[in-house]
Amino acid sequence: MRIALAAARFVNGDIAHNLAQIDRFAAQAREQGAALVCFGEAFLQGFDCLGWTYAQDRSMAVPAAGDAMAQVRRISEKQGVDILLGFLERDGESIYSSCALVQEGAFAQVYRRISRGWREVARTDDHYREGTEPKSFLYRGKRLAIALCGDVWDMPERFALGEDALLWPVYVSYTPAQWQAEAQAEYAVQAAKSCPHTLFINSLCDGDAYGGAAVFRQGRIAETLPMGREGMLLTEL
């Protein structure tokens, strides 16, 4: 099974732009024979779209069953490619950093980040929440799990679920030089504490994040897409 790791550029707070990016990269993934295209953490709205004032943030977060995610499902169905996507989820009056797997135009999984690093804890109240438990699941004959960014740093043992691969969407702001010189190798070692085979996906955002994607195997960098430009890393699972 071919998987595309999309180092794509988002615009904070611009869901329409980011949906167009999802559509564009899904089309490219299909053309290159991928069954699944993966995007970074909070890609739908942009990682830094929240201001930590609930009355405003509530309107930016979206329900899994709402129109924005329905558009993601329609893109998946139209392009014939499954989509893994980070988004800021509103469930009732609660906001989560979540990740959805859309398979053949329908939700297959929704995972909620269990570590708190996605939000400014001192400025947020009980409306901002984390999930409770990671789990593995069967996808196209492979057992997978999802972690979001700091999950693998704060509690790696909770993601050691015997899965074939860990899908790891992140949002990190290392410069390309920092990533190449040291950080990428540190992430590979850390990922191995959860799963020997980890797929890492970062986004681009002007002035802050520089993208990049990687496949980590046994604590080493097996495949990589350098930071600094949009692109896709194709890998086989």
**Message:** Defining a contact as two alpha carbons under 8 Å apart and six or more residues distant in sequence, what relative contact order in percent does the range 1-65 show?
**Reply:** 39
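Which value, in nm² and rounded to one decimal, describes the direction-averaged projected area of the C-alpha convex hull of the chain? Mind dumping the intermediate values first?
Details: hull surface 45.0 nm².
Convex hull of Cα atoms, orientation-averaged projection: 11.3 nm².
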**Request:** Provide, in order from the shortest bin, the percent of all Cα-Cα pairs of the range 47-127 in each 5 Å bin, continuing until the bin that contains the maximum pair distance.
**Result:** 3, 15, 25, 23, 15, 11, 6, 2, 0
**Request:** Would you compute, from DSSP H runs of 4+ residues alone, the mean residue ellipticity of the chain at 222 nm, taking -39500 (n - 2.57) per run and dividing by the full residue count, rounded to the nearest 500?
**Result:** -6000 deg cm²/dmol
**Asked** Given charges of +1 on the Cβ of Lys and Arg and -1 on the Cβ of Asp and Glu, with all other atoms neutral, how large is the dipole of the chain about its Cα centre, in debye to the nearest 20?
**Response** 500
**Message:** List the aspartates and glutamates whose Cα sits under 15 Å from the Cα of Lys78, skipping any in the same chain fewer than 8 residues away.
**Reply:** Asp23, Glu31, Glu104
**Item:** Size of charge dipole - the range 1-109 - debye, nearest 20, with Cβ of Lys, Arg +1 and Asp, Glu -1, no other charges
**Value:** 300
**Message:** For the chain, what does the accessible surface come to per residue with a 1.4 Å probe? Please give it in Å².
**Reply:** 40
**Request:** Quick one: check the C-alpha center-to-center distance for the range 126-149 versus the range 2-29, whole angstrom.
**Result:** 21
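I'd like the carbon and sulfur percentage of the solvent accessible area for the range 1-142, probe radius 1.4 Å, heavy atoms only, ligands and nucleic acids excluded. Intermediate values should be presented prior to the final figure.
Details: 2510 of 5800 Å².
Ligands and nucleic acids excluded, carbon and sulfur reach 43 percent.
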**Request:** Using the charge dipole of the range 76-192 (Lys, Arg: +1 at Cβ; Asp, Glu: -1 at Cβ; taken about the Cα centre), state which of Ser115, Gln79, Val172 has its Cα farthest towards the positive end.
**Result:** Gln79
**Prompt:** So what's the gap between the Cα centers of the range 79-94 and the range 169-197, to the nearest angstrom?
**Reply:** 24
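Any chance you could tell me what percent of the C-alpha pair distances in the range 1-140 go past 25 Å? Numbers along the way, then the final one.
Details: 2310 of 9730 pairs.
So the pairs more than 25 Å apart make up 24 percent of the total in the range 1-140.
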**Request:** Just name one of Phe25, Ala42, Phe10: the one whose Cα is farthest towards the positive end of the charge dipole of the range 1-48 (beta-carbon charges, Lys/Arg +1, Asp/Glu -1).
**Result:** Phe25
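The values are calculated or read from the model by the stated rules, or taken from the named source; none is laboratory data. The structure presented is a predicted model; accordingly, all values stated were derived computationally and were not measured. With ideal geometry, Cβ positions are generated from the backbone for all residues, glycine too; neighbour counts draw on all protein chains shown. The accessibility values were calculated without ligands, DNA or RNA, using every heavy atom of the protein model including side chains. Shrake-Rupley method; radii C 1.70, N 1.55, O 1.52, S 1.80 Å.
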